[in-house]
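Chemist: My questions all concern the structure below.
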Amino acid sequence: MTAIQIVLITGVLFILLYFLQRMQKAVLTVVLMIILSGTAVFFILQPERTNTIAHAIGVGRGSDLVFYISILLFWFVVLRLYARVRKLEEQITTLIRQEAIKNGEKHAG
């Protein structure tokens, strides 16, 4: 095992442990994260497999394939976070409106 493999696997495991501590109740998300972490460790230990898969689907190098998939995952996460922020903004707006109505009725009556 090379030094970079040790560094990368350690990083993946730290990220996984941090994520597991934060997301204990989201079972599906935890399972997905475990699968992604396992896949990452597998490809770190067997980098030639990424080349095999890349060539099979028409990508020149395994590192390019990993990069493309990372971009897709990044955009998925960004869009998911954006949707969550929008939902929270709507909830806050509704709560503020309700509170303003209650205060207005209290002062008027």
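Coordinate-derived values only; no laboratory data. For clarity, every value in this text was computed on a predicted model and none was experimentally measured. Cβ placement follows ideal geometry from the backbone for every residue including glycine, while neighbour counts extend to all protein chains displayed.
Chemist: Would you please name the residue that is farthest from Q46 (Cα to Cα), looking only at residues in the range 3-23 that are surrounded by 10 or more Cβ atoms within 10 Å (Cβ to Cβ) and among the polar types (S, T, N, Q)?
Modeler: If we take residues in the range 3-23 being surrounded by 10 or more Cβ atoms within 10 Å (Cβ to Cβ) and among the polar types (S, T, N, Q), then T10 is farthest from Q46 (Cα to Cα).
Chemist: Among the residues of the range 57-82, how many are charged (D, E, K, R) and either in contact (Cβ under 8 Å) with a residue 24 or more places away in the chain or over 21 Å from V41 (Cα atoms) (or both)?
Modeler: 1
Chemist: So the check is Cβ under 7 Å with 6+ separation or different chains; which pairs have a first residue in the range 20-32 that's over 17 Å from F76 (Cα atoms) and a second one that's surrounded by 10 or more Cβ atoms within 10 Å (Cβ to Cβ)?
Modeler: Close Cβ pairs (under 7 Å, with a partner that is surrounded by 10 or more Cβ atoms within 10 Å (Cβ to Cβ)) amount to L20/V30; M23/T29; M23/V30.
For (1) surrounded by fewer than 12 Cβ atoms within 10 Å (Cβ to Cβ); (2) at positive phi; (3) not in a loop (DSSP other than H, G, I, E, B), each residue gets a yes or a no:
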| position | (1), (2), (3) |
| --- | --- |
| L28 | yes, no, yes |
| M33 | no, no, yes |
| V41 | no, no, yes |
| E48 | yes, no, yes |
| N51 | no, no, yes |
| H55 | no, no, yes |
| V59 | no, no, no |
| D64 | no, no, yes |
